Amino acid sequence: MKRIGIAASKIAKGNSFLYNFFVILLSFLFSLLVLIISGLLIVLGLAIISKITQMPIIMDLQKGHTSPISVCMMFLGAIIGIFNLYAIIVNVRIKRK
């Protein structure tokens with residue numbers, strides 16, 4: 001998470017506003033990348049389990065929020081969102097007098 005701040009400081013070159021903007025942008029983009037990769041792996045894993053066990057109920061999206069795939073994606077999104085907020089809070093610089 002410190003690397004986000006290091007990369008943002010090299011891009012911003014001393015400008016505090018640009019530094020904070022790039023911290024938010026980089027943390028959001030990295031979280032999006034992690035969400036996509038993790039989500040694809042979870043969907044692939046659930047699809048394999050569904051094929052092996054011959055239970056199509058695992059991949060049933062018609063059930064709404066009770067579907068295992070929906071529950072997994074909601075928890076994954078919540079966890080990644082918490083880590084994203086933590087990374088932003090650690091790296092944002094606020095001017096103090």
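The values are calculated or read from the model by the stated rules, or taken from the named source; none is laboratory data. Since the structure is predicted, the reported quantities are computational estimates derived from the model, not experimental observations. A quick note on method: Cβ atoms are made from the backbone with ideal geometry, for glycine too, and the neighbour counts reach across all protein chains shown.
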Could you look through the range 1-50, keep only residues that are in a helix (DSSP H, G or I) and of a type in the set (D, E, K, R), and pick out the one that is modelled with the highest pLDDT? Lys10
Do we find that Gly64 is of a type in the set (Gly, Ala, Ser), surrounded by fewer than 13 Cβ atoms within 10 Å (Cβ to Cβ) and either modelled with pLDDT under 85 or touching a strand residue (DSSP E or B) at 6+ places or on another chain (Cβ under 6 Å) (or both) in this structure? yes
Kindly provide the set of residues from the range 67-85 that are modelled with pLDDT under 90 and surrounded by 13 or more Cβ atoms within 10 Å (Cβ to Cβ), ordered by number. Ser67, Pro68, Ile69, Ser70, Cys72, Met73
Residue list for the range 6-30, restricted to those being touching a residue at least 24 places away in the same chain (Cβ under 8 Å) and closer than 16 Å to Lys95 by Cα: Ser16, Tyr19, Asn20, Val23
Conditions (1) in contact (Cβ under 8 Å) with a residue 12 or more places away in the chain; (2) farther than 25 Å from Gly77 by Cα -> Gln54 fails only (1)
Can you tell me how many residues within the range 15-38 are surrounded by 14 or more Cβ atoms within 10 Å (Cβ to Cβ) and either more than 14 Å from Asn84 (Cβ to Cβ) or basic (Lys, Arg) (or both)? 5
